[in-house]
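S.K.: Quick one: the structure is below, and I'll ask about it shortly.
No value in this document is a laboratory result; all are computed from the given coordinates. Keep in mind that this is a model prediction, so the values were computed, not measured. Ideal geometry is used to build each Cβ from the backbone, glycine not excepted, and the neighbour counts take in all protein chains shown.
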Amino acid sequence: MRRLMPTGDVARPVEFAQDAQPTTAPDEVLVKVEAFSPNRGETFLLEEPKPGLIPGKDIAGLIVQAAADGSGPQAGTRVVGHPPMGGWAEYAAVPTHSLAVLPDEITPVHAAALPLAGITALRLLRAVGALAGRRVLLTGASGGVGHYLTELAAAAGAQVTAVSATAERGARLRELGAAAIVHDVSDAEGPFDVVLESTGGSALAAALARLVPGGTLIWYGQASRAPVTLNFFDLLAGPENAVIRHFHYAGAPYGPDLATLLRLVADGRLHPEVGRVADWSQTAEVLIDLRERRIRGNAVLTIGVAR
């Protein structure tokens, strides 16, 4: 079979290679991949790939071999999955605890855009707790996680201010429920009860300054790739006793969260934002555009299926 492998060349980050079909563990199914979605964080890993890196965590496709231990769906079932690696290939092994069955009305393209970004959004909002009536500032809102966070938080009753670089992207976030759109954190009119921060650099300090006393900032990314510097005394100007919490989404099982996301999509309550769909022969070009923030929401690559 064919799979995409890292090259270490930032101008051409992946290339096709021949490989054997994955050997599945007893609690894994073999999926014929129809669509996969790279994440921006994966593009950073490809710049200096570590030995053994086989990329690919968000996939959708058809089970062609059921799990030997009897867990999970049977062969012939359409699924979305979140394997630990190896998803940018014609076939992928997926633990049964980290997949969910696709409803007929959800395409592989939209399903593939769900796992990492959608699970991150769900788990972030659980970490926040009750949202009704709370003012939320969301940085980096134009990415895949940001779109899901905006729609889910607004639906839960939060008043969301989203930071988006362009008016076009901001318009879509308004459609998803954002109460206000700003193009820089410094333009956000606080104070806010909660900040969901994924940019890093100077944005984190600026967002922190807009918290209410005792408010919470959850730091879940550093898209700018710039380190954060904080001045203790700046906190005395308003957000005293603020809580800064580091967050990382990872931790199997993922199946229950994937099932929740699929239910919300099927009910019309969550809308995957797919900013680019292309054949997987164009993966290298798409990865560069994703790294350079030229794609709104998620990018999805297809393998031998109609879009």
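S.K.: For the stretch 120-246, what is the Kirkwood estimate of the hydrodynamic radius, computed as the reciprocal of the mean inverse distance between distinct Cα atoms, to one decimal in Å?
M.R.: 14.1
S.K.: May I ask for the distance between the Cα centers of the stretch 98-146 and the stretch 157-227, given as a whole number of Å?
M.R.: 17
S.K.: Let me ask something additional. Select from the chain the helices, each a whole stretch of DSSP H, whose alpha-carbon atoms run 15 Å or more along the helix axis and whose Kyte-Doolittle mean is at least 1.0; answer none if there are none.
M.R.: 115-128, 255-266
S.K.: Rounded to the nearest 500, what is the chain's calculated 222 nm mean residue ellipticity when only DSSP H runs of at least 4 contribute -39500 (n - 2.57) each, over all residues?
M.R.: Taken over the chain, the calculation gives -7000 deg cm²/dmol.
S.K.: Let me know the charge dipole size of the stretch 1-134 about its Cα centre in debye, to the nearest 20, where only the beta-carbon of Lys, Arg (+1) and Asp, Glu (-1) is charged.
M.R.: 400
S.K.: Counting other C-beta atoms within 10 Å, which of Val300, Val182 has the fewest, and how do the rest follow?
M.R.: By the 10 Å Cβ count, ascending: Val182, Val300.
S.K.: The stretch 1-155: percent of C-alpha pairs farther apart than 27 Å?
M.R.: In whole percent, the share of Cα-Cα pairs in the stretch 1-155 beyond 27 Å is 31.
S.K.: Would you list the P(r) distribution for the chain, with all Cα-Cα distances sorted into 10 Å bins from 0 and each bin expressed as a whole %?
M.R.: The percentages, shortest bin first, are 6, 28, 33, 22, 9, 2, 0.
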